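The structure appears below as structure tokens.
The values are calculated or read from the model by the stated rules, or taken from the named source; none is laboratory data. Source: prediction; values computed, not measured. Here the Cβ positions follow ideal geometry from the backbone for every residue, glycine too, while neighbour counts run over all protein chains shown. These accessible areas exclude ligands, DNA and RNA; they are computed on the full protein's heavy atoms, side chains included. Shrake-Rupley method; radii C 1.70, N 1.55, O 1.52, S 1.80 Å.
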Amino acid sequence: MHETRDLLDPEARSDSVLQVIRALMCRSGMRTELARRTGLSIASVSTAVQRLLDDDIAHGGKKEPVVLRPVTGVAVGIQVGTRHVTVAARLPHWPRERVRLVSLGQGLRDGGAWIDAAAGAAADLAGSIGRGPGDVATVGLAVPWSVDPRDLSPSPPSPWFAAPDLHGRLAGRFGEARVVVDADARLGALNEQTYHHPYETLLYVEIAEHVLGGLVVGPRMLRGALGRAGSVGHHSVDPGGLDCWCGQRGCLERYISVPAVLEGVYVSIRARGEEPPTSIGALIDRARGGDPDCRWALTVAAKRVARALRESAVTLETQAVVLGGPLAPGLRLVAAECEQELRRSAWTRHMELRFAQPDAAAHGALILGLIGHLR
């Protein structure tokens, strides 16, 4: 077996070979697909693949997928939220379907305790794969705020729970493994484009206790000068509306985040003499069961999402939008309402509405660790 860190050594391999190795660690594929995912020409990909075949690092013919041979290191992805942390791990040559996942019942609200818990969970997952804690080779971290690509710090305006030097604190628990970090929505977009929706342009919207957007164009994640590109959660859907912590009024996040949706149904359900749902999962279950207030709350949220997308489409023209996060299964119930709103504008009539796979950002974080986009 090859050592993961050796394969990713920039001093030992050319840039094009490294890009193809990283692409194969994410997903095997034909040469044409590898060219699309890396942004390299077919000729460059063919040369790089031949080098890998000669070095017995990969196998596959011209008319069959190129597949990475077994390697030793463990790739880890961590999605941290305000209340929960999800840890994903697999060997780089394994397909996505073999990813091991564990969810932890603590997050940023619990201070730094989640860091030890996440590192312990990664070690346990490595053990379940047949490796030890020292075999963790790459770590990607998905966080619920915009990340400045220059120094990986929270990009202003950042929420109160944004933690500076989080990747550095986490790196202290993983030895030689390099920890890279980006916004959860952007990594959700990376995962969806890599495995499920290979659109040239794709916008991913993560709806949890925050609302972030991530944009991918071709093989690149667009970050912007300060890492805030695609922040649809702070598009104003009501210019005279509620104050937002970012300094604006009427931001989408103030109306469709998980706390906002739960708060929206509290009064109406209390007025009926019933107990309101205490979690977004319970609200979605009641909407499926026919509860009119819960269904209406999801419908209003879907329409507001569509209005924000109509506004963002003027500058962020994409082929598809993927909705992810805890609220996404509820919005799927009222997808027709969202699509109807999108069809009302020439800017968004072409846009296809999709819904993310579970734990998309954790899978995207694992990919980020492998491809190492951030410097």
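A few notes on this one:
- Local electrostatic count, Arg5, Cβ distance below 14 Å [Lys/Arg +1, Asp/Glu -1]: -2
- Sum of side-chain charges, Arg69 neighbourhood, beta-carbon under 11 Å (Lys, Arg +1; Asp, Glu -1): -2
- Label-to-label distance, nm, for residues given as Ala271 and Ser103 (7 Å Cα→Cβ offset): 3.2 nm
- Carbon/sulfur fraction of accessible area - the range 199-238, other protein chains in place, 1.4 Å, %: 54 percent
- A simple packing score, the average count of other Cβ atoms within 10 Å per residue, orders the peptides 26-33, 179-186 as 179-186, 26-33, with the highest score first.
- Centroid-to-centroid separation of the range 28-45 and the range 61-81 [C-alpha atoms, Å]: 16 Å
- Note on Met30 and Phe355: their simple-model spin labels are 3.1 nm apart, each label 7 Å out from Cα toward Cβ.
- Cα gyration tensor, the chain - rounded (a/c under 1.5), prolate or oblate: prolate
- Structural descriptor for the range 89-155: relative contact order 21 percent, calculated from alpha carbon pairs under 8 angstrom and at least 6 residues apart.
- Gyration tensor over alpha-carbon atoms, the range 178-276, equivalent ellipsoid semi-axes in Å: 31, 17, 12
- The residues of the chain expose on average 42 square angstrom of accessible surface per residue, using a 1.4 Å probe on protein heavy atoms.
- J(HN,Hα) series, the range 228-245, from Karplus relation 6.51 cos²θ - 1.76 cosθ + 1.60, nearest Hz, glycine and proline x: 9, 4, x, 6, 5, x, 10, 6, 7, 9, 8, x, x, x, 5, 5, 10, 4
- Radius, Kirkwood style, for the range 91-148 when every pair of distinct Cα atoms is counted (Å): 13.1 Å
- Rounded to 0.05, the FRET efficiency of the Ala12 and Ala225 pair, given R0 = 35 Å and the Cβ-Cβ distance, is 0.60.
- Integer Hz, Karplus 6.51/-1.76/1.60 couplings in order for the range 154-171, x for Gly and Pro: x, 8, x, x, 10, x, 4, 8, 5, 10, x, 6, 5, 5, x, 5, 6, 4
- Whole-percent carbon and sulfur share, accessible surface of the range 26-141, 1.4 Å: 48 percent
- Normalised per residue, the volume of the convex hull around the Cα set of the range 124-168 (Å³): 96 Å³
- Built amide H within the under 5 Å cut-off of Trp145, gap 5+: Asp184
- Other residues lying with their Cβ under 11 Å from the Cβ of Trp245 contribute a combined charge of -1, Lys and Arg counting +1, Asp and Glu -1.
- Estimated from helical segments only, the mean residue ellipticity of the chain at 222 nm is -11500 deg cm²/dmol, where each DSSP H run of four or more residues counts as -39500 (n - 2.57).
- For the range 104-154 and the range 272-288, distance of Cα centres in Å: 32 Å
- Counting only protein heavy atoms and a probe of 1.4 Å, the accessible surface of the range 289-375 is 47% carbon and sulfur.
- Interchain or long-range residues, amide H under 5 Å from Gly29's placed H: Val66
- Fully extended contour minus Cα-Cα distance, from Ala282 to Ala346, at 0.36 nm per residue: 19.4 nm
- For the range 261-316, the gyration tensor built on C-alpha atoms gives a prolate shape. Its axis ratio a/c (a ≥ b ≥ c) is at least 1.5, and a/b is the larger of a/b and b/c.
- Helix runs (DSSP H) in the chain reaching 20 Å along axis by Cα, Kyte-Doolittle at least 0.0: 113-129, 258-271
- Whether the range 156-225 is rounded, prolate or oblate, judged on the alpha carbon gyration tensor where a/c under 1.5 counts as rounded: oblate
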